[in-house]
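Structure first, commentary second.
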Amino acid sequence: MKPLGPERDHYWLALSMAKAAGVDLQAAIDAGRFSQEKWARTVQRCRSCEWGADCPTWLNENPEIETAPDTCANAQLFAALKAAQTGRRAAFEEVMEG
């Protein structure tokens, strides 16, 4: 198991990936679909992601994307949040329950 990456770096990486994928985290929080606890787990998953070293370069090259890449530890979460914000509620509920 690799050591966790720096918390501050991965806070910004997770936020940047969500933004690039078109996920409005503040709207998700305001709508009650996302919480501070879930955000903390999101950053923690990012810190342990095997792809973390490549993520900053990838984000610089891909500032706007349809979905986070499969290599992202939070790809499913970001897809679910985006589905919820675009009205695809069933997809959101399926991922959030799993």
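The values are calculated or read from the model by the stated rules, or taken from the named source; none is laboratory data. From a predicted model like this one, the values you see are computed outputs, not experimental measurements. All Cβ positions, even for glycine, are placed from backbone atoms using ideal geometry, and neighbour counts span all protein chains on display.
What the table shows:
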{"item": "Test for ALA83: is it touching a helix residue (DSSP H, G or I) at 6+ places or on another chain (Cβ under 6 Å), at pLDDT below 95 and not acidic (Asp, Glu)", "result": "yes"}
{"item": "Positions within region 49-73 being under 13 Å from the mean Cα position of the chain (by Cα) and hydroxyl-bearing (Ser, Thr, Tyr), in sequence order", "result": "THR67, THR71"}
{"item": "Lone unmet requirement of (1) in a helix (DSSP H, G or I); (2) without any contact (Cβ under 8 Å) to a residue 40 or more places away in the chain for PRO3", "result": "(1)"}
{"item": "Lone qualifier among THR42, THR57 - being surrounded by 15 or more Cβ atoms within 10 Å (Cβ to Cβ), of a type in the set (S, T, N, Q) and in a helix (DSSP H, G or I)", "result": "THR42"}
